[in-house]
Amino acid sequence: MRRIDARAQPPGIGAAQSRRQDLLLLVLGVSMALAIGVAGLLRAAPVARLDNALLDTMMRATATASPAPSSTVVVDIDDVSLSAVGQWPWPRYRLAALVERIAAERPSAIALDVLLPEADRVSLADIQKTFQRDFGLDVAITGVPDGLLDNDGYLGQAMADAGVVGARYFYFDHATRETAPTRPGVGFEGALDALDLDSARGVLDNVDAIGAQTRVSGFVNMQVDGDGVLRRLPLLIEYRGVLQPSLALATTMQALGVSSGQVVRGRDGASLVIGPHVVPIDRRGHALLRFDGPPARYASVPAVDVLAGRLAPQALRDKIVVIGSSAVGLGDRHVTALSRTFSGSKVQSALMQNIVDGRVLRSPTWGAGAALAFGLLIALLQGGLLVAGRNLLTVAIVTLGVMLALGALAFVGFDMLGLVLPVAAPALVAATVLLTASAIRVWAQQRHARRWRRQLENARQVTIESMSAVAETRDPETGAHIKRTQHYVRAIAQRLRDTGRYVDVLTDAYIDLLFLSAPLHDIGKVGVPDHILLKPGPLTEAEWVLMRRHAEFGRTIILSTSRHIEGDNFLSVAAEIAATHHEKWDGSGYPAGLKGPAIPLSGRIMAVADVYDALVNRRCYKPPFPHAQAMAMMHALRGTTFDPVVLDAFFEIEETIVRIAGEFRDDAAAAAAGGGAHVGSDAFYDGIEAGAGFASPALAVQD
């Protein structure tokens with residue numbers, strides 16, 4: 001006779017497969033971290049946009065609307081000035097008057113953020129030329145100083161006298177021809193090889209009468225990001241082998257009284273040193289803008305007030321003045337993180353203020369590499385948690401903590417150190433790995449559920465076929481007994497799980513298996529001869545030994561059937577129940593004499609359910625016992641026949657047990673006829689024979 005393995009436990013459902021999935025997730029996580037990290041190194045659009053969005057958020061979070069003491073002032077040719085003085089373009093002599101009024105206030109530097117590439121058509125000299133060309137007439141103009149005959153020359157002279165920094169614009173899509181070299185008026189030296197500047201092919205400069213008299217010039221090119229937002233300005237552009245400064249850079253150098261700057265390498269990247277100030281730049285010579293508030297926060301005065309002499313005392317004294325326009329019709333407005341209508345002159349003013357205050361932002365060169373390393377560490381952490389058996393909730397909480405830490409790190413770096421850290425890549429890794437893990441887990445669970453549904457359907461079919469065979473060949477107990485014990489078993493298992501007992505075994509899937517397997521607990525009695533199984537009187541010792549073999553017969557039958565089930569052999573639980581539901585807690589049961597926890601939990605639960613049903617229902621060898629008496633008889637067997645923990649759970653759901661017993665009553669006709677074999681009598685006798693003393697010898701039956 002083959003003995004039952006006392007160490008057998010409920011089969012692990014998909015454990016190896018789950019571990020493979022977690023290892024796969026770890027590999028996928030590392031791969032995704034590498035891919036996203038490389039995308040960050042290459043400034044790929046999705047990662048760059050996330051970093052830009054974070055930068056905008058931090059800028060808005062640290063901005064204020066209150067005006068602050070400023071080193072820069074914008075003289076604004078705004079809509080009010082245009083309405084009061086005249087529509088654009090103004091005659092150049094009017095711009096010259098504006099320059100002279102500003103210069104009289106003794107600012108530290110003046111920049112004209114207006115490009116004048118064409119001659120002023122209202123100059124008196126231009127009118128003389130027009131009449132000579134079109135009509136052949138020489139028009140004499142008397143009483144006018146020579147300087148006022150040419151408006152462009154007059155403005156050029158005024159700008160030269162005031163040291164105004166002029167504007168120019170560089171082309172990158174087409175070349176232009178210049179008769180004279182385009183010199184910026186300032187120079188740069190140092191680690192120029194650390195830069196990879198944009199190289200222009202052409203230039204748009206002020207008309208010669210102005211440009212020839214301008215000692216220092218700067219370009220006004222601006223470059224928005226892919227989403228149309230202005231976040232950085234080029235400070236340097238290479239044109240025909242000469243480094244050209246931006247208007248903001250050239251004007252700030254003018255205010256500082258320095259004519260040259262030095263490019264230096266540092267731990268965080270390249271910088272431009274101008275006088276006492278160090279300006280962080282990237283390899284392309286761009287500087288990140290830091291807006292401390294909306295346009296209204298940056299000081300400005302209307303041009304009409306300057307022309308009319310309505311300036312507050314010291315309004316322009318020792319300030320860097322930018323002459324520009326915010327008029328809607330001139331179109332010099334830009335979308336920024338703080339406003340969608342930032343005028344170009346105020347953008348220049350903001351950058352100048354950043355330089356003077358030492359608040360130009362820095363995007364460190366090591367940032368992308370650090371982001372790649374952090375992404376890999378995060379992916380390894382998440383994958384390690386999954387491989388270690390942590391559930392998705394734990395991984396989600398850890399992921400949220402990591403993302404909050406990254407956000408805090410980015411904010412502290414921005415607010416306190418002026419560093420723009422690219423945390424989008426590691427944050428994207430954390431979110432992507434978590435979402436991927438969730439998707440794979442959901443997919444695996446759905447796949448597992450589909451497979452189990454197929455297996456359970458097969459099992460149901462096997463159960464039906466097995467029970468049908470019993471019904472056709474033997475005189476079995478009623479189908480109601482099967483339904484009652486099924487529901488008893490499930491109710492006991494759920495109570496155990498709900499009260500924290502055997503929770504590692506009693507999963508939803510395992511409880512479902514118990515429910516499906518319970519009907520086969522006595523299927524082995526098909527192997528017991530009729531003269532023994534249906535014998536109305538006491539069994540002999542030899543008959544008793546053969547009767548007891550039905551437990552092993554049941555296990556053999558079920559395992560033989562289970563060979564036809566694909567996937568995990570979950571019918572092993574049914575075999576376990578059939579083989580062990582007559583084992584007793586004190587080791588006096590059969591067929592293997594298992595004791596205590598060595599008896600599989602399924603067998604211990606089935607034993608309680610089977611004995612109770614045998615006690616409270618009519619059998620050919622006894623009348624039904626009242627519920628209260630049956631409960632008392634079973635309580636007397638606590639710790640001998642029954643597992644105390646399982647029996648206590650059974651007692652705790654007494655109302656549920658009574659409801660199940662009433663819901664699935666035996667057929668009245670069958671009960672009246674006293675039909676039915678001794679199926680179930682073995683369970684009853686198992687309890688009574690133990691010495692409880694509740695049954696008379698006449699009721700003792702043989703198994």
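A short reminder: the numbers here are calculations on the coordinates, not readings from a lab. Nothing here was measured: the structure is a model prediction, and the numbers come from that model. In this analysis, Cβ positions are derived from the backbone assuming ideal geometry, glycine residues included, and neighbour counts consider all displayed protein chains.
Values as computed for the structure displayed
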item: Residue 267 versus residue 563: modelled label distance in nm, points set 7 Å from Cα along the beta carbon direction; result: 7.4
item: Order of 231, 297 under a 10 Å beta carbon neighbour criterion, fewest first; result: 297, 231
item: Counted charge near residue 170, where neighbours are those whose Cβ lies closer than 9 Å (Asp, Glu -1; Lys, Arg +1); result: +1
item: Residue 296/residue 242 FRET efficiency (R0 30 Å; Cβ-Cβ; nearest 0.05); result: 0.20
item: Nearby lysines by direct alpha-carbon distance to residue 319 (threshold 23 angstrom, same-chain neighbours under 8 apart not counted); result: 346
item: Computed E for residue 83/residue 365 - FRET, C-beta separation, R0 56 angstrom, nearest 0.05; result: 0.70
item: Prolate/oblate/rounded call for the range 328-375, Cα gyration tensor, a/c under 1.5 rounded; result: oblate
item: Out-of-range pairs (alpha-carbon distance over 22 Å; input 535/584; 595/622; 525/584; 483/535; 525/595); result: 535/584; 595/622; 483/535; 525/595
item: P(r) of the range 174-309 over all Cα-Cα pairs, binned every 10 Å from zero, in whole percent; result: 10, 36, 35, 17, 2, 0
item: Cα gyration tensor shape of the range 510-604, rounded if a/c is under 1.5, else prolate or oblate by comparing a/b with b/c; result: oblate
item: Point-to-point label distance, residue 390-residue 509, nm (Cα→Cβ direction, 7 Å offset); result: 2.3
item: Order by protection proxy (mean Cβ within 10 Å, highest first), peptides 212-220, 45-53; result: 212-220, 45-53
item: Sparse-neighbour loop sites [chymotrypsin sites (Phe, Trp or Tyr not before Pro); the range 161-203; at most 16 other C-beta within 10 Å; DSSP]; result: 172
item: Highest-first arrangement of 269-280, 254-265, where packing means the average Cβ count within 10 Å; result: 269-280, 254-265
item: Fully extended contour minus Cα-Cα distance, from residue 357 to residue 440, at 0.36 nm per residue; result: 24.7 nm
item: Order by protection proxy (mean Cβ within 10 Å, highest first), peptides 553-560, 391-398; result: 553-560, 391-398
item: Span from the the range 150-201 Cα centroid across to the the range 356-409 one, whole angstrom; result: 45
item: Within-13-Å neighbourhood charge of residue 501 [Cβ basis; K, R +1; D, E -1]; result: -2
item: Cβ-defined net charge surrounding residue 275, 15 Å radius [Lys, Arg +1; Asp, Glu -1]; result: -2
item: The range 69-357 pair-distance distribution - Cα-Cα, 10 Å bins, rounded %; result: 6, 28, 35, 22, 7, 2, 0
